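What follows is a set of notes on a single structure, which appears directly below.
The values are calculated or read from the model by the stated rules, or taken from the named source; none is laboratory data. What you see is a predicted model; the values in this text were computed from it and never measured. FYI the Cβ positions are ideal-geometry reconstructions off the backbone, even for glycines, and counts take in every protein chain you see.
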Amino acid sequence: MPSLFPERIQAYRSQTFSILPHLRLTNREQAVEFVNRRGFVFFWPNKEFYFPSLWAAAAGDRPVPDEHDDPGHVTWDWKDSLLGKRRWYYARVIRRRNTMISLEIVPYFYALSENYGSPEEDYLLQYEEGRMTLEAKLVYEALLANGALDTISLRKAAHLSSPESDARFNRALEDLQIDFKILPVGVSEAGAWHYAFIYDLVPRHFPNLPEQARLISERAAHRKLAELFWRSLGAARLSDLMKCFRWKEELAQGVVDQLVGSGTLCTGLEWPGQPGEWIVLKELTDS
């Protein structure tokens, strides 16, 4: 099995992750441009899954400190100030982590979600078929009936205010975000901490999104997201792709085969000292 060149991959990632000093983000506009270039990124770095993040692109490749006055935490201000401004899509998506997605790419994610154009009915089918929890249904219906709500008001409207409901309520918020049904659209001073997200329905905040997604086939969506995945990492294994999007092996392999057939990727490479077969952008294997 031929070996790839780790130093070439690392140099490539230094560029795509924007962690080189001269590539660091210094303001909100640069942050939006970064997300647009990559298609989707994490907000914070993820120890379990190496991928571009807004934090690393602003603060460098280092752990997130606990100190609130660290200059890297300017990313928190960027995120909060752009909630509801429709400059990017922000929610818990990739691996249940806070994710920024460019507006150009959001329709590809939405095309793979269980949303088929009827926000008032789609969720009921999921619930009846056992693919949505009761708590997620209650949260969704509270937003459907009342409009955008801060977290405290949403818990009350969904009848999930008791301390015993904490875990189930938070899980419902995550499940609904992962399926592109709700998203944070602002920050409120509600609650003891005077900081609470305001949530709304995705099709209400982005009314054109369902129609944009309708024009994208599942095949095209899978291929687009996988290509962006490799454009950010340069090299990865099939299992990495599966973990990122929660795709089954047969599906992930089919998408890779498409990208190999188009000349985008090369398979069958070895990363010295690393397990498994690596799949690499073809441009990084050219001498």
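I'd like to check something: does segment 181-203 contain any residue that is of a type outside the set (Lys, Arg), more than 18 Å from ASN98 (Cα to Cα) and modelled with pLDDT of 95 or more?
yes
Does THR99 fit the bill of being in the same structural domain as THR151 (by TED's automatic domain parsing) and of a type in the set (Val, Ile, Thr)?
Against the criterion (in the same structural domain as THR151 (by TED's automatic domain parsing) and of a type in the set (Val, Ile, Thr)), THR99 does not qualify.
Out of all the residues in segment 240-262, is one or more surrounded by 15 or more Cβ atoms within 10 Å (Cβ to Cβ) and among the acidic types (Asp, Glu)?
Checking segment 240-262: at least one residue is surrounded by 15 or more Cβ atoms within 10 Å (Cβ to Cβ) and among the acidic types (Asp, Glu).
Residue-by-condition table, conditions (1) within 18 Å of the chain's Cα centre (by Cα); (2) assigned to a loop (DSSP other than H, G, I, E, B):
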| site | (1), (2) |
| --- | --- |
| HIS194 | no, yes |
| ASP200 | yes, no |
| ARG219 | no, no |
| LYS224 | yes, no |
| PHE229 | yes, no |
| SER232 | yes, no |
| MET242 | yes, no |
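Look through PHE51, PHE43 and report the one residue that is modelled with pLDDT of 95 or more, in contact with a Leu (Cβ under 6 Å, 6 or more places away or on another chain) and not basic (Lys, Arg).
After applying the criteria, what remains is PHE43.
Yes/no per residue for (1) surrounded by fewer than 17 Cβ atoms within 10 Å (Cβ to Cβ); (2) among the charged types (D, E, K, R); (3) assigned to a loop (DSSP other than H, G, I, E, B):
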{"residue": "ASN115", "(1), (2), (3)": "no, no, yes"}
{"residue": "SER118", "(1), (2), (3)": "yes, no, yes"}
{"residue": "LYS137", "(1), (2), (3)": "no, yes, no"}
{"residue": "ARG155", "(1), (2), (3)": "no, yes, no"}
{"residue": "ALA167", "(1), (2), (3)": "yes, no, no"}
{"residue": "ASP175", "(1), (2), (3)": "no, yes, no"}
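For SER3, are the conditions met, namely being exposed (fewer than 15 other Cβ atoms within 10 Å of the Cβ), of a type in the set (Ser, Thr, Tyr) and under 20 Å from ALA235 (Cα atoms)?
yes
Is there any pair with a first residue in segment 182-205 that is surrounded by fewer than 18 Cβ atoms within 10 Å (Cβ to Cβ) and a second that is among the charged types (D, E, K, R) and part of a strand (DSSP E or B) whose Cβ atoms are under 6 Å apart and which are 6 or more apart or on different chains, and what are they?
SER188/ASP150; ALA190/ASP150
Which condition number does LEU228 fail, the rest of (1) surrounded by fewer than 21 Cβ atoms within 10 Å (Cβ to Cβ); (2) out of contact with any Lys or Arg (no Cβ under 9 Å at 6 or more places or on another chain) being met?
Status for LEU228: all satisfied but (2).
Counting only residues that are assigned to a helix (DSSP H, G or I) and touching an Asp or Glu at 6+ places or on another chain (Cβ under 8 Å), which one in segment 17-69 is surrounded by the fewest Cβ atoms within 10 Å (Cβ to Cβ)?
ASN36
How many residues are modelled with pLDDT of 95 or more and either more than 17 Å from PRO21 (Cβ to Cβ) or basic (Lys, Arg) (or both) when one looks only at segment 55-78?
Qualifying residue count, segment 55-78: 1.
Which one is nearest to PHE206 (Cα to Cα), of the residues in segment 133-173 that are of a type in the set (Ser, Thr, Tyr) and out of contact with any Leu (no Cβ under 9 Å at 6 or more places or on another chain)?
SER153
Restricting to segment 177-190, give me the number of residues that are among the polar types (S, T, N, Q) and either in a helix (DSSP H, G or I) or within 22 Å of the chain's Cα centre (by Cα) (or both).
Total satisfying the criteria: 1.
Would you confirm whether or not segment 76-91 contains a residue that is of a type in the set (Phe, Trp, Tyr), within 21 Å of the chain's Cα centre (by Cα) and surrounded by fewer than 16 Cβ atoms within 10 Å (Cβ to Cβ)?
Scanning segment 76-91 turns up at least one residue that is of a type in the set (Phe, Trp, Tyr), within 21 Å of the chain's Cα centre (by Cα) and surrounded by fewer than 16 Cβ atoms within 10 Å (Cβ to Cβ).
How about segment 271-283: which of its residues are farther than 15 Å from SER239 by Cβ and surrounded by fewer than 18 Cβ atoms within 10 Å (Cβ to Cβ)?
The answer is PRO272, GLY273, LYS282, GLU283.
Sort out which residues of segment 93-112 are at pLDDT 95 or above and in a helix (DSSP H, G or I), and write them in order of number.
ILE94, VAL106, PRO107, TYR108, PHE109, TYR110, ALA111, listed by residue number.
Since TYR90 meets every condition but one in (1) more than 12 Å from LEU54 (Cβ to Cβ); (2) of a type outside the set (A, V, I, L, M, F, W, C); (3) modelled with pLDDT of 95 or more, which condition does it not meet?
That leaves (1) as the condition not met.
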